[in-house]
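Peer 1: Below is one structure. I have some questions about it.
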Amino acid sequence: MPKVFASITELESLKGGNKELYVITLSTDGRGEDKHESDIVSAHNERITRIAPEIVELDALKWMIASVSNIFERVKPGSPALILGDGIILYPELDPKGLLGMHVAVMESDSGHRELGLRLKKVLESSEVKGVVKQLTGSGAPTAELVGDLMRTVTDAFLAKNKDDVLLTFGYSGRESTNYGIGIDIDPTRPVKDFPFQNDLIKGNLRVMLV
């Protein structure tokens, strides 16, 4: 089974003055409850647990990967965020077991990472999220619909409660039958595809590859 690696390789502000940007990603896949703290990644490969240690043991994280990037400072139009190497890591080298979904939000930071952990903890402990997690835990073979419900519930609640400005959001989904969104007809020597994204405030590039 192929492993998938996803990252943002380009990120640029299109309006206004200097901005402090960061990226938060919630990912779900077909691995069921087979989730581990080591899966949690961010732009500098620092685990989100360094920012939000209180969320590690929450049941929702048995079903999803939460990643948050470092803050890119003084990003202004015409001067993209300085992103080198593999970029902002969204999904590490894992086998998604047939299905991968990601919800990505580019945020303008007002409070930095100080309150991020507390906000995320409140969302993951909410009755809505606990209800979906209970359904997943009680199901013998969790469906893609249930896994998707968890991601949507967490994402909607987090964005609604976040004090930072949401500049852009996008969703990504891929199945093994389509090489996780890369497409059926791929070059086996270069199984990678770029997905540009843009609105009136932000533009960037999502890169997905099989490894």
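Peer 1: Please get the size of the charge dipole for region 53-96, origin at its Cα centre, with Cβ charges of +1 on Lys and Arg and -1 on Asp and Glu, quoted in debye to the nearest 20.
Peer 2: That gives a dipole near 360 debye.
Peer 1: Let me ask you something else. Translational D (Stokes-Einstein, µm²/s) of region 62-211 at 10 °C and 1.306 mPa s when Rh comes from the Kirkwood sum over C-alpha pairs?
Peer 2: 92 µm²/s
Peer 1: Now a separate question. Which sequence of Val104, Val211 reflects their accessible areas, 1.4 Å probe, from the largest down?
Peer 2: Final ranking, largest accessible area leading: Val211, Val104.
Peer 1: Quick one: which of Lys62/Lys203; Lys19/Lys130; Lys19/Lys97; Lys97/Lys121 span more than 30 angstrom between C-alpha atoms?
Peer 2: Lys62/Lys203; Lys19/Lys130; Lys19/Lys97
Peer 1: Please compute the net charge surrounding Gln198, taking Lys and Arg as +1 and Asp and Glu as -1 over other residues with Cβ under 11 Å from its Cβ.
Peer 2: -2
The values are calculated or read from the model by the stated rules, or taken from the named source; none is laboratory data. It should be emphasised that the depicted structure is a prediction, and the values quoted were computed from it without experimental measurement. FYI the Cβ positions are ideal-geometry reconstructions off the backbone, even for glycines, and counts take in every protein chain you see. For the accessible areas, the whole protein counts, side chains as well, though only heavy atoms, and no ligand, DNA or RNA atoms are used. Shrake-Rupley method; radii C 1.70, N 1.55, O 1.52, S 1.80 Å.
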